[in-house]
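Reviewing the structure listed below.
Here, each number is a calculation from the coordinates, and none is a lab measurement. From a predicted model like this one, the values you see are computed outputs, not experimental measurements. Neighbour counts are summed over all protein chains in view; Cβ atoms, including those assigned to glycine, are modelled from backbone coordinates with ideal geometry.
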Amino acid sequence: MISEVGNIGYGGVSILHAAGCGWGCSLPLDLTCNAEVSSSWPGEYEDPNGLLKQLPRAIEETTGAKIHHKLGVSLKSDIPRSMGLKSSSAACVSALRAVSEKLALQFTDYEVVDIAAKMQIMSGCSMTGSFDDNWAALGYNTAIIDAKSNQPSHPVAHFQMESKLCTIILRGHRSNLPNVSEFAVNKSDFLAAKNALVSGDIDKAMRINGLAVAKSTMDSEATHILTSLHSNGLTATLTGSGPCIAILHNEAQSEILDQIISESSKRITTKVLQHPPEEE
């Protein structure tokens with residue numbers, strides 16, 4: 001069942017973009033979105049895609065439960081939006097946790113992931129349903145997802161990483177969601193990232209994925225930044241569909257990072273979350 005973590009959803013960064021080859025993987029970060037049940041849904045400024053308004057319909061279509069109550073959800077989030085940091089998944093998960101608590105509904109983690117995927121597809125916030133991002137938003141650990149399977153909410157595998165810091169270079173907002181076909185032309189690169197991931201080489205997977213996403217979105221500046229970071233021994237990727245660049249590192253590597261990243265670059269540093277999920 002849903003863990004006792006309050007009405008919180010977590011941000012995250014990509015290890016493997018699901019649009020590239022049908023497999024996806026994201027890791028959770030200590031960036032949070034907190035939801036509270038209110039009397040109305042957020043306005044266009046707070047919820048420009050109408051993501052949260054899809055919640056009652058998505059719950060009914062996934063579980064059969066009907067939400068007859070006149071309620072809404074308000075959010076407080078420290079996750080930058082439209083930057084590849086899984087803010088939509090975090091919003092969905094935190095809203096579902098708040099509503100389930102308020103109405104005494106019992107959802108399994110698989111149902112939460114499915115409902116969140118449906119909300120994002122209905123609102124046009126995601127190309128794939130972001131099943132891997134939704135697992136990351138639960139805040140447990142990292143799930144590998146086969147988005148083309150009959151049960152994409154059921155991970156192929158879970159794994160835990162060693163304790164890491166994550167520094168994120170903030171490069172503005174994504175102007176629009178790319179098309180899946182733009183990723184398909186680089187499928188061989190994404191398959192190479194997938195093979196590295198399933199063999200346990202997470203650093204290699206993230207590096208290949210980041211460069212493949214940069215090619216797919218024609219982000220030449222990201223390619224240049226990533227190449228520089230990789231050449232200095234750092235694990236970095238273009239997270240989601242961009243434009244943020246995420247760098248995994250330990251405390252000892254912070255000085256190297258400071259030397260590479262321009263002082264004028266906006267960035268935030270947080271930590272990777274890795275906790276085993278509760279038994280269903």
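Just a few scattered comments:
- In the chain, the DSSP beta bridges split such that about 100 percent are antiparallel, to the nearest 5.
- In summary, region 8-159 shows an alpha-carbon radius of gyration equal to 0.94 times the 2.2 N^0.38 Å reference for compact globular proteins.
- Average Cα contact separation per residue, the chain, under 8 Å, 6 or more apart, as relative contact order %: 26 percent
- In region 110-268, lysine pairs with alpha-carbon atoms under 22 angstrom apart (chain gap of 8 or more, or interchain): 11
- If only the Cβ of Lys and Arg carry +1 and only the Cβ of Asp and Glu carry -1, the dipole of the chain around its Cα centre is close to 600 debye.
- Span from the region 222-275 Cα centroid across to the region 140-193 one, whole angstrom: 17 Å
- Normalised contact order of region 165-271, rounded percent, pairs of Cα under 8 Å and 6 or more residues apart: 41 percent
- Ordered by the count of other Cβ atoms within 10 Å of each Cβ, fewest first, M218, M127, M119, M206 give M218, M127, M206, M119.
- Global form of region 124-189, assessed from the alpha-carbon gyration tensor, a/c cut-off 1.5: oblate
- Computed over region 8-159, relative contact order equals 32 percent, with contacts defined as Cα pairs under 8 Å that lie 6+ residues apart.
- Alpha-carbon centroids, region 204-220 and region 22-45: separation in whole Å: 25 Å
- DSSP loop trypsin sites (Lys or Arg not before Pro) with at most 10 other Cβ within 10 Å excluded, longest remaining stretch of the chain: 71-280
- Extending 7 Å from Cα along the Cβ direction at K187 and again at Q259 yields two label points whose distance is 4.2 nm.
- Crossing angle, helix 187-198 versus the chain [Cα axis fit, 0-90 degrees, rounded to tens]: 80 degrees
- Taking the fewest neighbouring Cβ atoms within 10 Å as the starting point, the ordered list for I208, I145 is I208, I145.
- A Förster radius of 30 Å, combined with the Cβ-Cβ distance separating L177 from H68, puts the computed FRET efficiency at roughly 0.35.
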